Amino acid sequence: MDGLDALKKKYLDGILAAADEAALEDLRLSALGKKGEVALMMRELGKMTPEQRQQTGPVLNALKDELNSALAARKAALGDAVLEERLRTEWLDVTLAGRHRRQGSIHPVSQVTEEVTAIFADLGFSVAEGPQIESDWYNFDALNIPPEHPTRTEMDTFYMHRDEGDNRPPHVLRTHTSPVQIRHMQQYGAPCRIIAPGRVYRADYDQTHTPMFHQIEGLALGADLSMANLKWVLEEFFSAFFGISVKTRFRASHFPFTEPSAEVDIQCSWDQGQLKIGEGDDWMEVLGSGMVHPKVLKAGGVDPDKFQGFAFGMGIDRIAMLKYGIPDLRAFFDSDLRWLRHYGFAALDQPTLHGGVSR
Ligand code: PHE
């Protein structure tokens, strides 16, 4: 029976030392499994004399029971340890004060783009888009801007790099959103009513100019649209946008892509350095506009004998500054968190037409 004692000690020690359930299962198999050491000894019983069997049988059965209960006890202990560990690491102090989480904010440019889009959508305009890298044909030629026009120089326009011998037509970072007029006409023809908000680029940097800024283009084509329609649409828009009835003043101007052309001012007052829109007898320039030039209609594949219409382009950043009293344009693009927290908008704080922007 010495062998049996050694065997028993070996397994009991092993079970006590088992680190996890997998190790326990290995031990159970090598002791009590079909080919386990104890099972093999049980099989030996058959070869014994009845006297020997009578003596050894109960001893082996007792060993088996003892190992089984040691296995069960160790398994329970391991389970307790796992639970202990979870209780130790996953505890939660429900009496602690909540932790403050900073919320992001909506940039004024995004906010105002949304506002403008909502107002024009209400007037029946849909949103069109175009690429920010444009061929010089879309950005200039199609818009009746001649090759010698000063805005086409590298002084004003960012040109894409071309290696020596690369003869692809020049591409530029679009200098205005007007090329979207051409793209839209080519794709959808006339009549149409669209706005096109987006980024534009010019080689300019001072207190009122940044090399990248935002414009919103407008284009409306129909059989008999006129400047009168343009004026109504713009006054309707500015009144909705500023929440107060706003008059506009049209000043004759020149753009190659419109004829006639007008720069549009909105009514305002300067009261002790404080700007107020929609009152007083000062004027503030906000956009360029006009009747789309027949050559531009042709470049877009629209028949100038059948359709005519108006177009306008205004600076989103600029009207954002006017509406929300933001003094410095350059701060728009500094990514200064303090600025964003001050001038940004909460996600659920978006003024919408249906939310009651006064009209
Ligand atoms: N594209 C002009 C600019 O960037 C604005 C404009 C658009 C003028 C449409 C007339 C018609 O200044």
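Quick notes on this one:
- Highest-first packing order for the peptide set 229-238, 61-70 is 229-238, 61-70, based on the mean count of other beta carbon atoms within 10 Å.
- Oblate is the label for the stretch 108-349, because the ratio a/c of its alpha-carbon gyration tensor axes (a ≥ b ≥ c) is 1.5 or higher and a/b is not greater than b/c.
- Among 126, 30, 110, the residue with the largest mean-square fluctuation in a Gaussian network model of the chain, with springs joining Cα atoms closer than 10 Å, is 30.
- The distance separating the Cα centre of the stretch 116-144 from that of the stretch 69-95 comes to 65 Å.
- Using the average count of surrounding beta-carbon atoms within 10 Å as a protection proxy, the listed peptides 296-308, 6-18, 90-102 rank, highest first, as 296-308, 6-18, 90-102.
- Modelled spin labels at residue 126 and residue 274, positioned 7 Å past Cα toward Cβ, are 4.4 nm from each other.
- Options 186, 145, 100, ranked by Cα towards positive dipole end of the chain, top entry (Cβ charges): 100
- Restriction of the chymotrypsin sites (Phe, Trp or Tyr not before Pro) in the stretch 135-221 to DSSP coil positions whose beta-carbon has at most 11 other beta-carbons within 10 angstrom yields 205.
- Over all distinct Cα-Cα pairs of the stretch 234-304, the Kirkwood formula returns a hydrodynamic radius of 13.6 Å.
- Cα-based shape type of the stretch 196-286, given that a ≥ b ≥ c are square roots of the gyration tensor eigenvalues and the cut on a/c is 1.5: oblate
- Magnitude of the charge dipole for the stretch 4-89, about its Cα centre and with charges confined to Cβ atoms of Lys, Arg (+1) and Asp, Glu (-1), is about 300 debye.
- Restricting attention to the stretch 108-349, the count of lysine pairs at 8 or more positions apart or across chains with alpha carbons under 23 Å apart stands at 10.
- Annotation note: GluC sites (Glu not before Pro) in the stretch 123-215 located in DSSP loop regions with a Cβ neighbour count of at most 10 within 10 Å are 148, 154, 164.
- Computed from point charges on the beta carbon alone (+1 for Lys and Arg, -1 for Asp and Glu), the dipole magnitude for the chain about its Cα centre is near 1200 Debye.
- Net length available on complete extension from residue 252 to residue 187 is 20.3 nm, with 0.36 nm assigned per residue and the Cα-Cα distance removed.
- Were the residues from residue 245 through residue 282 laid out at 0.36 nm apart, the gain over their Cα-Cα distance would be 11.8 nm.
- GNM result for the chain, Cα springs below 10 Å: residue of 111, 54, 274 fluctuating most strongly: 54
- Candidate cross-link partners of residue 9 among the lysines, defined by an alpha-carbon separation under 22 Å and a same-chain spacing of 8 or more, comprise 34, 35, 64, 75.
- The modelled label-to-label distance between residue 91 and residue 155, using points 7 Å beyond Cα along the C-beta direction, is 7.5 nm.
- Rounded to the nearest 20, the size of the Cβ-charge dipole of the stretch 120-253 about its Cα centre is 480 debye, with Lys and Arg at +1 and Asp and Glu at -1.
- Helix-only CD estimate at 222 nm, as mean residue ellipticity for the chain, using -39500 (n - 2.57) per DSSP H run (n ≥ 4): -12500 deg cm²/dmol
Read-outs throughout are calculated quantities, based only on the coordinates presented, and are distinct from any laboratory measurement. Given the structure is predicted, the values throughout are model-derived calculations rather than measurements. Because the Cβ atoms are built from the backbone with ideal geometry, glycine has one as well, and the counts that use them run over all protein chains shown.
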